[in-house]
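For reference, the structure is listed below as structure tokens.
Read-outs throughout are calculated quantities, based only on the coordinates presented, and are distinct from any laboratory measurement. Keep in mind that this is a model prediction, so the values were computed, not measured. Here the Cβ is made from the backbone with ideal geometry for all residues, glycine too, and neighbour counts use every protein chain on show.
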Amino acid sequence: MNRGIADRFAGYLKPEKGRSDVTINNYRPIVERFLQWVASQGYVRWDDTGLRELQGFFESEAKRMLGGRRAGQNGNRKPQARYMTTAAIKAFYGFLVEERLASNDLGTGLDYPKKDDLLPKPLSHEQIQRLLAITHPDPRQTIRDSWTCEDRVLIEPGYSCGLRISELRFLTMADVRLDERVLMVSGKRGRQRLVPFGRKAFDQLKLWLETCRPRRKGTDRQPYVLLNAKGRPYSAVCLWRRFKEIGEREGIASLHPHQLRHTFATHLL
């Protein structure tokens with residue numbers, strides 16, 4: 001029943017549904033846990049499951065997330081995680097029906113969490129000022145290392161340009177047009193947009209690209225703007241961790257990139 005089905009599902013999402021690699025990578029572990037849960041329940045055919053049975057899986061996921069919060073992991077992401085789980089299972093049942101592995105698309109009976117529950121709380125004016133102080137230090141201070149410099153390039157362009165975490169991760173050197181003061185950003189489903197940035201973001205990007213980034217290993221072999229200590233692109237988890245560490249130093253609990261993006265949008269209004 002489950003042999004190779006996760007691979008088939010991932011292959012179905014990209015060419016047939018045009019889903020991004022980020023979406024596929026988010027959906028796949030959820031579906032793999034679902035497959036394990038189905039096997040543990042002894043179901044033989046997909047049509048053996050109904051909405052009542054699916055509720056058992058969502059309850060198991062809720063317990064897993066609760067355990068993560070007790071361990072201090074992603075405690076602020078429950079609504080987003082619930083939304084992602086729902087989206088993954090809806091897509092998976094759509095796949096099962098299209099592949100004639102199931103006759104009933106249970107995904108149509110699943111409701112997404114309320115939209116208001118998904119929006120992160122924007123940072124207060126005082127909090128954003130504390131973060132921006134990292135990027136606008138006393139001019140008499142010198143940059144101690146490339147990590148301090150990178151903190152600044154994460155916060156200032158991340159906030160002032162309203163970038164998603166995937167857009168930060170995959171921003172390339174060619175995407176940064178310092179002379180024009182714009183970023184060529186590749187968003188969801190490969191859509192591109194030009195994002196202007198101001199003088200302060202310009203200063204941080206210029207400093208990072210010309211002075212700090214070259215100190216990282218392997219920068220001549222990587223096209224990406226942001227690189228970890230080994231000279232490789234950041235994983236999503238590691239970049240989330242960097243933001244969390246910056247927030248903790250400034251007394252802001254569980255800071256994450258989407259919170260900066262939502263704050264950016266709120267301040268524009």
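Can you check what the net charge comes to around R221, using other residues whose Cβ is under 14 Å from the Cβ of R221 (Lys, Arg +1; Asp, Glu -1)? Before the final figure, lay out the partial values.
Numbers: positive: R213, R216, K217, K230, R232; negative: D220.
Result for the local shell: +4.
In sequence order, the range 238-243 has phi-based couplings of 5, 5, 4, 5, 4, 5 Hz under the Karplus curve 6.51 cos²θ - 1.76 cosθ + 1.60, θ = phi - 60°, and Gly or Pro positions carry x. In the range 125-268, Cα pairs under 8 Å separated by at least six residues give a relative contact order of 28 percent. Taking a sphere under 13 Å around the Cβ of E245 and counting the other residues whose Cβ falls inside, with K and R at +1 and D and E at -1, yields a net charge of 0.
State the extension gain, in nm to one decimal, for the chain segment bounded by L132 and E32, taking 0.36 nm per residue of separation less the distance between their alpha-carbons.
Values: separation 100, 0.36 × 100 = 36.00 nm, distance 4.05 nm.
My answer for the length gained is 31.9 nm.
What shape does the range 149-257 have by the C-alpha gyration tensor, where a ≥ b ≥ c are the square roots of the eigenvalues, rounded means a/c under 1.5, and otherwise prolate means a/b greater than b/c and oblate the rest?
Numbers: a/c = 1.30, a/b = 1.15, b/c = 1.13.
Taking the square roots of the gyration eigenvalues as a ≥ b ≥ c, the range 149-257 is rounded.
For the residue pairs K14/K206; K217/K244; K121/K230, the C-alpha atoms sit more than 29 angstrom apart in K14/K206; K121/K230. Rounded, prolate or oblate: which fits the range 6-59 when a ≥ b ≥ c are the square roots of the eigenvalues of the alpha-carbon gyration tensor, with rounded for a/c under 1.5 and prolate only if a/b beats b/c? Because a/c hits 1.5 or more and a/b exceeds b/c, the range 6-59 counts as prolate.
For K244, K188, the sequence from fewest to most other C-beta atoms within 10 Å is K188, K244. In this simple spin-label model, placing a label point 7 Å from the Cα along the Cα-to-Cβ direction at both K206 and T108 gives a separation of 5.8 nm.
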